[in-house]
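Here is the structure we will look at.
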Amino acid sequence: GAGVSQTPSNKVTEKGKYVELRCDPISGHTALYWYRQSLGQGPEFLIYFQGTGAADDSGLPNDRFFAVRPEGSVSTLKIQRTERGDSAVYLCASGFGGGNNEQFFGPGTRLTVL
Amino acid sequence: QKEVEQDPGPLSVPEGAIVSLNCTYSNSAFQYFMWYRQYSRKGPELLMYTYSSGNKEDGRFTAQVDKSSKYISLFIRDSQPSDSATYLCAMSTNQAGTALIFGKGTTLSVSS
């Protein structure tokens with residue numbers, strides 16, 4: 001079956017611009033996660049959705065970052081007034097969200113803010 | 001001190017060698033332990049998944065968890081050039097849907 005897909009694969013933008021990153025989870029997975037991975041680092045948690053609601057958004061760095069999952073499937077991560085420090089790979093993962101916590105990752109979106 | 005510590009390497013071994021990768025952690029509440037493999041410019045791929053202490057074997061891969069020492073390991077037997085990648089350890093508590101906490105990753109290179 002299809003894995004997690006993310007679009008675009010690469011995004012180059014200018015400082016101050018707005019960007020949207022999309023994630024299509026594995027069909028049937030109710031849990032969806034966003035992580036951010038900087039060069040030479042492991043992924044860092046941003047936000048977790050169970051169904052349509054954000055169950056944990058404690059990893060969002062500031063109020064320029066926002067994510068939605070209106071129908072409990074596809075999710076969009078939105079970044080306002082981008083800064084050069086936002087440059088990273090943004091990873092999406094999905095799972096069943098139960099006790100076992102297995103998470104399956106997509107290929108990521110590489111965001112570059114010039 | 002970070003919650004999860006992992007030596008970034010790089011680690012270089014010849015083909016056929018046994019590779020040992022490891023992580024230490026500080027949070028005694030961690031119950032789920034995972035190893036992900038990440039090829040360059042790709043997303044992390046779940047390799048091994050273990051709950052609590054003990055060993056788990058899958059083909060050439062063995063994962064070990066020692067909760068008393070807060071130490072986890074991944075062993076790769078008969079390493080192949082295709083095993084060249086970054087290996088990330090990750091762990092979480094048993095709270096449903098909780099975030100994974102990752103190590104920095106260890107870069108492994110297997111030469112033929």
(request) Collect the residues in region A:94-114 that are in a loop (DSSP other than H, G, I, E, B) and either of a type in the set (D, E) or more than 16 Å from A:S75 (Cα to Cα) (or both), keeping them in residue-number order. (result) A:G98, A:G99, A:N100, A:N101, A:E102, A:L114
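Conditions (1) more than 17 Å from A:P43 (Cα to Cα); (2) in contact with a strand residue (DSSP E or B) (Cβ under 6 Å, 6 or more places away or on another chain), marked per residue:
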position	(1), (2)
B:S12	yes, yes
B:V19	yes, yes
B:N27	yes, no
B:P44	no, yes
B:R77	yes, no
B:P81	yes, yes
B:C89	no, yes
B:G97	no, yes
(request) Sort out which residues of region A:68-94 are surrounded by 22 or more Cβ atoms within 10 Å (Cβ to Cβ) and either more than 10 Å from every other protein chain (Cβ to nearest Cβ) or over 23 Å from B:R41 (Cβ atoms) (or both), and write them in order of number. (result) A:S75, A:L77, A:I79, A:Y90, A:S94
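Could you list, in sequence order, the residues of region A:42-67 that are within 10 Å of another protein chain (Cβ to nearest Cβ) and either of a type in the set (A, V, I, L, M, F, W, C) or loosely packed, with under 15 Cβ neighbours inside 10 Å (or both)?
Hits for region A:42-67 are A:F45, A:L46, A:I47, A:F49, A:A55, A:S58.
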(message) Looking only at residues that are part of a loop (DSSP other than H, G, I, E, B) and more than 7 Å from chain A (Cβ to nearest Cβ) in region B:87-112, which one is nearest to B:I76 (Cα to Cα)?
(response) B:S112
(request) Being modelled with pLDDT of 95 or more, of a type in the set (F, W, Y) and in a loop (DSSP other than H, G, I, E, B) is the filter here, so list the residues in region B:1-46 that pass it. (result) B:Y39
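The values are calculated or read from the model by the stated rules, or taken from the named source; none is laboratory data. Since this is a predicted model, take the numbers as computed values, not measurements. Note that we place each Cβ from the backbone using ideal geometry, even for glycine, and neighbour counts take in every protein chain shown.
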